[in-house]
Amino acid sequence: MSYFKNKSILVSGGTGSIGSAIVKKLQKQKCKVIRVFSNDENGLYELSEQINELKDISFQQKMKKNKIRFILGDIRELQRCIEATKNIDIVIHAAALKHVPICEFNPKEALKTNYVGTKNLIKASKKNKVKKFLFISTDKVVNPISVMGKSKKVAEQKVLKSNKK
């Protein structure tokens, strides 16, 4: 993990189960800054409370002291991705819809988050000259049959293709 020392890191989906675990690990490193990017406002607040042992100072003071910024936004919005990736060295992309039944009932939303969101973060990262893009994909499928699996597979293919350009 010393690779992250003195680097500016963006963790998309930073309030989810995987993203928040990554943020907590990164907090122990000497990162220049960690940006936690999520569309879950309550999750951002709860994570800020979990990782900040300082109770008698303001939210902004806690962020400054801990070198963590809580960015409210959605990866489905390109402009917000561009803003979030500005001056970032490494993007760790953990944002995704991962629950098969929810994705099956909301297929367009699954595709917008898992594929379009990934595409937006790639585009924003390239525009802002991010050095590394790490895609966290826990769902490995060869021949997916669910909407969630299919949306994750095309997102993964997009990441792989983006390396060739």
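The values are calculated or read from the model by the stated rules, or taken from the named source; none is laboratory data. Since we're looking at a predicted model, the values are computed, not measured. Neighbour counts are summed over all protein chains in view; Cβ atoms, including those assigned to glycine, are modelled from backbone coordinates with ideal geometry. With ligands, DNA and RNA removed, areas are computed over all heavy atoms of the protein, side chains included. Shrake-Rupley method; radii C 1.70, N 1.55, O 1.52, S 1.80 Å.
Out of the residues in the range 120-165 that are more than 23 Å from Ile9 (Cβ to Cβ) and of a type in the set (Gly, Ala, Ser), state the one that is surrounded by the fewest Cβ atoms within 10 Å (Cβ to Cβ).
Once the filter is applied, the top-ranked residue is Ser146.
List, please: which pairs have Cβ atoms under 7 Å, are six or more places apart or on different chains, and start with a residue in the range 2-25 that is farther than 17 Å from Glu41 by Cα and free of Cβ contacts under 8 Å to residues at least 60 places away in the same chain and end with one that is of a type in the set (S, T, N, Q) and not in a helix (DSSP H, G or I)?
So the pair list comes out as Lys5/Gln29.
Got a sec? Which of Gln29, Gln60 is open to solvent by 90 Å² or more (accessible area, probe 1.4 Å) and more than 15 Å from the chain's Cα centre (by Cα)?
After applying the criteria, what remains is Gln60.
Just the residues that are surrounded by 14 or more Cβ atoms within 10 Å (Cβ to Cβ) and either in contact with a His (Cβ under 9 Å, 6 or more places away or on another chain) or of a type in the set (S, T, N, Q) (or both), please, taken from the range 63-83.
Passing the criteria: Asn66, Ile75.
Just checking, does the range 102-120 include any residue being within 24 Å of Lys164 (Cβ to Cβ), of a type in the set (Gly, Ala, Ser) and over 11 Å from the mean Cα position of the chain (by Cα)?
no
Scan (1) in contact (Cβ under 8 Å) with a residue 12 or more places away in the chain; (2) farther than 21 Å from Phe37 by Cβ; (3) open to solvent by less than 50 Å² (accessible area, probe 1.4 Å) for the single condition Gly117 breaks and write down its number.
Going through (1) in contact (Cβ under 8 Å) with a residue 12 or more places away in the chain; (2) farther than 21 Å from Phe37 by Cβ; (3) open to solvent by less than 50 Å² (accessible area, probe 1.4 Å) one by one, Gly117 breaks only (2).
Which is of a type in the set (Gly, Ala, Ser) and farther than 23 Å from Leu97 by Cβ, of Ser58, Ser38, Ser17?
Values: Ser38 fails: farther than 23 Å from Leu97 by Cβ; Ser17 fails: farther than 23 Å from Leu97 by Cβ.
Sole residue among the options that is of a type in the set (Gly, Ala, Ser) and farther than 23 Å from Leu97 by Cβ: Ser58.
For the range 122-136, give me each residue that is more than 11 Å from the chain's Cα centre (by Cα), of a type in the set (A, V, I, L, M, F, W, C) and in a loop (DSSP other than H, G, I, E, B).
The one that is more than 11 Å from the chain's Cα centre (by Cα), of a type in the set (A, V, I, L, M, F, W, C) and in a loop (DSSP other than H, G, I, E, B): Val130.
Please count how many residues of the range 9-38 are among the polar types (S, T, N, Q) and out of contact with any helix residue (DSSP H, G or I) (no Cβ under 9 Å at 6 or more places or on another chain).
Looking only at that region, the number is 1.
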